[in-house]
Amino acid sequence: MNVLFYSAQPYDIAYFNKANAAFNYNLRYLEYPLNADNTALIKPGESVICAFVNDHLDAGILRQLKEKGIQLIALRAAGFNNVDLKVAAELNLPVVRVPAYSPHAVAEHAVALLLGLNRKIYKAYNRIRDNNFTLNGLEGFDLYGKTVGVVGTGNIGAIFCRIMLGFGCKVLAYDMFNNKSLEDAGVEYVSMETILKDADIISLHCPLTPETKHLVNAYTISQMKRGVFLLNTSRGGLIDTKAVVEALKNGHIGALAIDVYEQEENLFFHDLSDVIIQDDVWSRLITFPNVVITSHQGFFTREALTQIAETTLNNIQQFEKGLPLTNQVKI
Ligand code: NAI
């Protein structure tokens with residue numbers, strides 16, 4: 001199989017080349033993100049596109065891919081909100097993904113963001129390097145005894161719940177499906193309204209869908225506790241960033257830690273250190289002392305990268321052999 005990668009970073013190349021020893025496919029890597037301007041880079045004989053979270057797979061691009069002979073879209077990610085699945089199905093273009101790759105990686109990153117921001121590790125690091133050993137402004141709070149609200153208790157959310165239980169937190173969860181083993185461990189399933197009202201910390205772990213877009217908005221923020229700590233390692237579109245900026249300004253949101261951002265495709269995974277950023281919402285967001293942002297690195301562990309490469313190549317192999325596509329995404 002000839003597989004063309006878009007948005008390939010050095011770590012993708014390293015992990016995929018290693019995993020490919022067991023498959024021996026022809027892998028060609030492009031660093032550019034997939035968009036309407038660069039489908040022309042597909043060479044005859046390439047039948048699989050391997051795409052990542054910020055590659056566009058809208059109706060127009062899917063049609064272009066089909067015309068160029070692409071037969072399979074292999075996402076090297078769990079989320080698939082960047083794919084028009086309806087059009088993919090109409091074109092008979094199967095879409096496969098990596099449904100779970102070390103969910104621990106993302107759950108642990110959410111905890112890292114929570115601890116790092118709460119205990120001001122990012123400030124302390126800089127102060128120590130400047131021989132400033134004062135503590136003013138570094139105060140945090142005990143996680144023990146706090147109420148954590150978790151939205152979405154799938155693979156990642158469930159692990160996050162268990163870690164928070166380990167800290168001695170009260171864990172409230174909202175999902176359409178109750179996870180019995182989480183309930184047995186002490187998680188209490190409640191309504192979204194109760195989470196908003198009672199949680200000191202809210203962490204988002206549901207996918208981005210038309211229903212969940214801007215789940216955090218001016219109204220839902222107004223229902224949250226004043227000073228709430230908001231965490232998002234899921235997808236940027238879950239949050240109306242402008243509303244969050246207002247709430248940070250007036251103090252309703254006490255702290256924000258995010259690994260994803262609504263307009264991240266223009267920013268994340270690129271070195272823009274010499275570029276004038278045009279996104280004013282972003283520029284305001286990064287000025288807050290109580291905001292910590294990482295650029296979609298929740299998945300970025302050795303274990304997850306290995307699993308992503310192996311599962312993606314296995315998905316391609318199932319397609320090549322005409323086997324059932326275990327990880328196909330369907331509407
Ligand atoms: P999953 O599919 O195992 O779990 C998602 C859960 O959300 C399910 O239990 C589902 O019932 C629930 N859900 C769906 N709609 C909901 C709603 N409206 N309200 C409440 N719950 C709802 O997915 P997984 O693996 O736990 O991943 C969660 C999200 O994390 C992904 O959708 C993806 O966007 C994000 N992610 C982020 C990564 C990063 O590097 N930051 C890496 C991997 C995933």
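The values are calculated or read from the model by the stated rules, or taken from the named source; none is laboratory data. Just so it is clear, the model here is predicted, and its values are computed rather than measured. Note that we place each Cβ from the backbone using ideal geometry, even for glycine, and neighbour counts take in every protein chain shown. Remember, those area values only see protein heavy atoms, side chains included, never the ligands or the DNA or RNA. Shrake-Rupley method; radii C 1.70, N 1.55, O 1.52, S 1.80 Å.
Cβ separations smaller than 9 Å between residues 6+ apart or across chains give no pair from segment 78-102 residues that are not assigned by TED's automatic domain parsing to the domain that holds Ile156 and in a helix (DSSP H, G or I) to residues that are among the polar types (S, T, N, Q) and away from the ligand (no atom under 15 Å from the Cβ). The one condition from (1) in contact with a Phe, Trp or Tyr (Cβ under 7 Å, 6 or more places away or on another chain); (2) away from the ligand (no atom under 12 Å from the Cβ); (3) within 21 Å of Gln223 (Cβ to Cβ) that Phe167 does not meet is (3).
Residue count for segment 137-175 under the criterion of being under 20 Å from the mean Cα position of the chain (by Cα) and modelled with pLDDT of 95 or more: the result is 19.
Residues in segment 106-135 that are assigned to a loop (DSSP other than H, G, I, E, B) and exposed (fewer than 15 other Cβ atoms within 10 Å of the Cβ): Asp130, Asn131, Asn132, Phe133, Thr134, Leu135.
Inside segment 274-299, residues that are closer than 19 Å to Ala51 by Cα and buried (at least 17 other Cβ atoms within 10 Å of the Cβ) make up a count of 3.
Checking each residue in segment 152-164 for being within 22 Å of Leu208 (Cβ to Cβ), β-branched (Val, Ile, Thr) and more than 6 Å from the ligand (Cβ to nearest atom) picks out only Ile159. Under the condition of being of a type in the set (D, E, K, R) and either crowded, with 20+ Cβ neighbours inside 10 Å or not in a loop (DSSP other than H, G, I, E, B) (or both), the residues counted in segment 26-51 number 1.
Matching residues to (1) free of Cβ contacts under 8 Å to residues at least 12 places away in the same chain; (2) within 16 Å of the ligand (Cβ to nearest atom):
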site	(1), (2)
Thr212	no, yes
Ala255	no, no
Glu262	no, yes
Ile286	yes, no
Ala304	no, yes
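When Ala173, Ala247 are checked against the criterion of being more than 16 Å from the ligand (Cβ to nearest atom) and in contact with a strand residue (DSSP E or B) (Cβ under 9 Å, 6 or more places away or on another chain), a single residue qualifies: Ala247. Evaluation of Leu93 against the conditions (1) in contact with a Pro (Cβ under 8 Å, 6 or more places away or on another chain); (2) open to solvent by less than 10 Å² (accessible area, probe 1.4 Å) shows that the sole unmet condition is (1).
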